[in-house]
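Each value in this text was obtained by applying a stated rule to the coordinates, not by laboratory testing. Source: prediction; values computed, not measured. Positions of Cβ are backbone-derived with ideal geometry, glycine not excepted, and every protein chain shown enters the neighbour counts.
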Amino acid sequence: MLPPKLSPSMMCADLFRLEETIRCFERNGVPYLHIDVMDGSFVPNLMLGTETVRQFRQFTAIPMDLHLMIEDPGDKLEWFGVKSGDYVSVHAETTRHLQRVLAKIRSLGARPMVALNPATPLGAVEEALADVDAVLVMTVNPGYAGQKLVPQTLDKISRLRKLLDDTGLDQVEIEVDGNVTLENAAKMRLAGANIFVAGTSLLFRPGGMEDHIRAFNDLVK
Ligand code: DX5
Ligand code: ZN
């Protein structure tokens, strides 16, 4: 099993306590900041634009886990100043030239990740798995925080993990995004996921942030 990693969903963060939150993540060795970019066309919401990404980069050295929920991402990658160490995920549903876009992410020095909505079959990315470092399995329909897990996505994670392992791609990571509670994280981990997008279900909820991080680490270690 690939080592578990936490990727806090910054769209869920309290904007008025952002400095405190990010310094807490730095102290606790959180490896990524999950940045949900939404264009109001691919998903019915607008969220976290290019200037926000630029300011996050200026403020912390924690690598970005950029989740591009935008149409035609291939023409817009440079907008986000992607750099080595970043993950950049594009949705298979948003481009007719997926392999070209993934190769371009790699050429920009970042790590390519392909994302799938709950109803999009694994077959949509089967021919591009050699071009990615990770696959993002949406466990809710993208666009909003606070949604409930789409239950059949757990089996999808298992099938993807088997597909990757059976084709010699056992180092390709699986990221899960949406309603990652401690209970769901345990099931997702067993199914084969190792990067966990943590939003209102896990981190950004009442209680101490460090307690939530500790509870997650204790669960998945
Ligand atoms: C969904 C977002 C996620 C996530 C938020 O489009 O991309 O960041 O759902 O976390 P939860 O689901 O825990 O509120
Ligand atoms: Zn996301």
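By the helix-only formula, in which each DSSP H run with n ≥ 4 contributes -39500 (n - 2.57) and the sum is divided by residues, the chain has a 222 nm mean residue ellipticity of -9000 deg cm²/dmol. Label-to-label distance, ASP72 versus ARG205, with points set 7 angstrom from Cα along the beta-carbon direction: 4.0 nm. On a per residue basis, the convex hull of the C-alpha atoms belonging to the stretch 1-124 measures out at 122 Å³.
If I take R0 = 41 Å and measure r between the Cβ atoms of LEU2 and LEU46 in this structure, what FRET efficiency does the formula 1/(1 + (r/R0)^6) give, to the nearest 0.05?
Numbers: r = 33 Å, r/R0 = 0.80.
Between LEU2 and LEU46 the formula returns 0.80.
Couplings 3J(HN,Hα) for the stretch 125-142, derived from phi with the Karplus relation 6.51 cos²θ - 1.76 cosθ + 1.60 (θ = phi - 60°), are 10, 3, 7, 10, 5, 6, 9, 10, 9, 7, 10, 9, 8, 5, 9, 9, 6, x Hz, where x marks Gly and Pro. Under a 5 Å amide H cut-off, with hydrogens placed 1.01 Å from N, LYS83 pairs with nothing among residues at least 5 apart or on other chains. What is the distance in Å between the Cα centres of the stretch 4-50 and the stretch 138-169? Cα centres, the stretch 4-50 to the stretch 138-169: 20 Å. Looking at the stretch 5-220 alone, DSSP beta bridges between its own residues are antiparallel in about 5 percent of cases. Near the amide H of ILE195, within less than 5 Å, lie the amide hydrogens of LYS5, ILE174, GLU175, VAL176, all on another chain or at least 5 residues away, with H placed in the peptide plane.
Given charges of +1 on the Cβ of Lys and Arg and -1 on the Cβ of Asp and Glu, with all other atoms neutral, how large is the dipole of the chain about its Cα centre, in debye to the nearest 20?
On the way: 23 positive and 29 negative charges, 54 e Å.
Here the size comes out at about 260 debye.
Extension gain for the segment GLN171 to ARG159, taken as residue separation times 0.36 nm less the Cα-Cα distance, is 2.8 nm to one decimal.
Across the stretch 34-60, the residues whose backbone nitrogen lies under 19 Å from the label position 7 Å along the beta-carbon direction of LEU219 are 34.
With a threshold of 23 Å on the Cα-Cα distance, the over-threshold entries among LYS148/LYS187; LYS83/LYS104; LYS104/LYS156; LYS162/LYS221; LYS104/LYS148 are LYS104/LYS156; LYS104/LYS148. Taking R0 as 25 Å, what FRET efficiency do you get between ASN28 and THR181 from their Cβ-Cβ distance, rounded to the nearest 0.05? It comes out at approximately 0.85. For the chain, the convex hull spanned by the alpha carbon atoms encloses 110 Å³ per residue.
Under the 0.36 nm per residue contour assumption, what length would be gained going from the current alpha-carbon distance of ARG17 and GLN55 to full extension?
Numbers: separation 38, 0.36 × 38 = 13.68 nm, distance 1.49 nm.
Here the segment from ARG17 to GLN55 would lengthen by 12.2 nm.
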